[in-house]
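Heads up, the thing below is written out as structure tokens.
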Amino acid sequence: MTTPALTTEVGSNIDQDREAVTLANRYWQGLLRIHPLLATAIGETRFDHLLPDPSVEGRARAEGIHREALQAVRGFDLATLDAESRRGLEIVRTVAARELTYIELRMDRFEAATQMGDPWLVGPGNLISLLGGLHTVADGDALDRYERRLRAVSGWVASLLEVLEDAVAAGQTMPRPVVLRTIQQVERLLVTEVDSSPALKPVVADERAREAIAAVLREVVLPAYERLLTGLRRYHESARDAIGLGAIAEGDTIYQACIRGWTSLEVSPRDLHERGLADLKAIDEERAACARRLGMADPAEAAVAYRARGLGPRDRSELMRRAQDQIERSWEASGRWFGRLPSANCEVRFLDASREMDTLENYQPATADGSRPAIFFLNGRDPAQRPLHRLAAWTYHEANPGHHLQIGIEQAAGGRSDLRRFIADYASGAFVEGWGLYAERLADEMGLYRDEYERLGMLEQQAFRAARLVVDTGIHAFGWPRERAARTLGETGLGEAEAAIEIDRYIAIPAQAVTYRVGQISIERWREAAAGAEGLMAFHDRLLELGSLPLSILDRELDGTPAGATDSGRWA
């Protein structure tokens, strides 16, 4: 990957701009070394032989990278830099400060026993399926790197087991339901025949490579996972019963740091909780009006009637066909609402079966070189039980005009550092998820929902995200039991199995769930402020051109606040 050409503005200092770009690039390379699966995800192969390092040495290395970057940013007068250089350094400052706080609070103790998994947060039970989905093995060098990475699983597991023991000693363990889910993931991996392992997906067409990877699985990976399973079962005996952070020492401090880290805003759990309750009331009124248009007394009656009419998917193929149609129609319509689109639409694929029990629909961006396309992953578990009227909102959130459109435009931006192009949800989860939630509403304006049932499904999804404000804060700040959280989610139309997955997600990643509605509120406020000055397409293009900046920085960029200001952004 190359360093982009510099663009300067009147009043900028070209030497300082160059130094700022150099610093951002150096920090990005450090992040790729800390998070080597991210490097693989974007098509940067230099780190394909590495795994994240959860050891004491790995943690010290990460701390050094973040501390050095933060100190270097303090040597710049951000007000003198050109816009792109300034934005890059503000991302460096925001991310480095957040990560140093997480290291100080030892968030890694929780991450060692999480059921979640993505290139940034690699849960023990998801590593192998992640590797199988991310790697492209096109030649001997790529096979060598992949094999070396799989051989590194033994050392990675050994370090994880040390972190688990440390967490027990410190009283900083995960709750039992999350640990049990993680154990079950590992158990499913161990009972899967090697020939069916997701790790073989990158080499399915090469018999020699397939035999080599299968041998590493038998000799190294599976024995390591047997040791991991033993350690997780032992850890489960010491896992805590209470599901919220408020039950542990410094739990309130940790939760507030998570809110700040995910949103970049200083907002209290109480404010988030109360906003969620108000939002739920307003959305419930919209749902009731939609049900009346369907001739039903309320949303619950509408849902029963929907199932009674047999409108759900009969099998996986019908589910896939519906999603593909939504992807194609939304792509065609987006050109009338956005002045710029990604170079290609995304594909739709089913999630790997090993992840269906713990993961809902999600989006994976394309690699930088296009060797792996952007993918909307569809959960195909129990299609006959699937409330199909909600699928459209999921699709428009994850694909177009949601994540695929926003992230695809960002990754293709010229004159921009790799850090700015690829850091997305790591730098600004609230903007990325806020845009996805905004896209669900925008899809209605675009005429993408085919009928009132799909519109009702969208409103159920909106209520579900508003309920996240209530449930996440309820769990971690107000001591809610699991049953109360499940009841609140169920009132939005979420099924029992989906609610269980969601609750365990909120337990595992505190405050991530609040990003959706917080980001959407900000985007709606910016849109309203811009309505008198520019058209909707111009607003969309301007916002997406700025890219995935923390909300506090986007607020300043859109409002014209002086560069380098240190306010923490507004909460509406």
Within segment 160-172, identify whether any single residue is in contact (Cβ under 8 Å) with a residue 60 or more places away in the chain, farther than 23 Å from P223 by Cβ and buried (at least 22 other Cβ atoms within 10 Å of the Cβ), and answer yes or no. yes
Name the residue that is farthest from Q385 (Cα to Cα), counting only residues in segment 478-525 that are touching a helix residue (DSSP H, G or I) at 6+ places or on another chain (Cβ under 8 Å), of a type in the set (K, R) and touching a residue at least 40 places away in the same chain (Cβ under 8 Å). R517
Filter segment 254-273 for residues that are outside any loop (DSSP other than H, G, I, E, B) and under 16 Å from F478 (Cβ atoms) and give the result. I254, Y255, Q256, C258, I259, P269, R270, D271, L272, H273
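Just one of L180, L143 is more than 26 Å from the chain's Cα centre (by Cα), at pLDDT 95 or above and surrounded by fewer than 21 Cβ atoms within 10 Å (Cβ to Cβ); which is it? Before the answer, list the steps.
Numbers: L180 fails: more than 26 Å from the chain's Cα centre (by Cα).
Result of the check over L180, L143: L143.
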Flag if G339 is surrounded by fewer than 20 Cβ atoms within 10 Å (Cβ to Cβ), over 20 Å from Y453 (Cα atoms) and either polar (S, T, N, Q) or over 21 Å from the mean Cα position of the chain (by Cα) (or both): yes
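So for segment 322-332 (the condition being assigned to a loop (DSSP other than H, G, I, E, B), assigned by TED's automatic domain parsing to the domain that holds T488 and either surrounded by fewer than 19 Cβ atoms within 10 Å (Cβ to Cβ) or among the charged types (D, E, K, R) (or both)), does at least one residue qualify? Don't jump to the end; show me each part of the working.
We begin by selecting, within segment 322-332, every residue assigned to a loop (DSSP other than H, G, I, E, B); these are none.
No, every residue in segment 322-332 fails to be assigned to a loop (DSSP other than H, G, I, E, B), assigned by TED's automatic domain parsing to the domain that holds T488 and either surrounded by fewer than 19 Cβ atoms within 10 Å (Cβ to Cβ) or among the charged types (D, E, K, R) (or both).
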Boolean, A289 is hydrophobic (A, V, I, L, M, F, W, C) and crowded, with 17+ Cβ neighbours inside 10 Å: no
Can you go through G295, G231, G246, G276 and tell me which one is surrounded by fewer than 13 Cβ atoms within 10 Å (Cβ to Cβ) and either in contact with a helix residue (DSSP H, G or I) (Cβ under 9 Å, 6 or more places away or on another chain) or not in a helix (DSSP H, G or I) (or both)? G295
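Which of the helices (runs of 4 or more DSSP H) contained wholly in segment 343-429 include at least 3 residues that are of a type in the set (A, V, I, L, M) and assigned by TED's automatic domain parsing to the domain that holds A499?
Working: elements: 391-398, 403-411, 418-422.
Output list reads 391-398, 403-411.
Take segment 421-467 and flag every residue that is among the basic types (K, R) and buried (at least 24 other Cβ atoms within 10 Å of the Cβ). Show your work before the answer.
From segment 421-467, those among the basic types (K, R) are 421, 441, 450, 455, 465; that's our starting set.
Listed by number, the list holds a single entry, R465.
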Taking segment 11-28 as the search range and keeping residues that are more than 13 Å from E84 (Cα to Cα) and surrounded by fewer than 17 Cβ atoms within 10 Å (Cβ to Cβ), which one is modelled with the highest pLDDT? R26
The number of residues in segment 47-58 that are within 22 Å of the chain's Cα centre (by Cα) and either modelled with pLDDT under 95 or more than 17 Å from L127 (Cα to Cα) (or both) is 0
Among (1) at positive phi; (2) at pLDDT 95 or above, where does Y449 come up short? (1)
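The values are calculated or read from the model by the stated rules, or taken from the named source; none is laboratory data. Quick caveat, the model's predicted, so the values are computed rather than measured. Note that each Cβ is placed from the backbone with ideal geometry, even for glycine, and that neighbours are counted across all protein chains shown.
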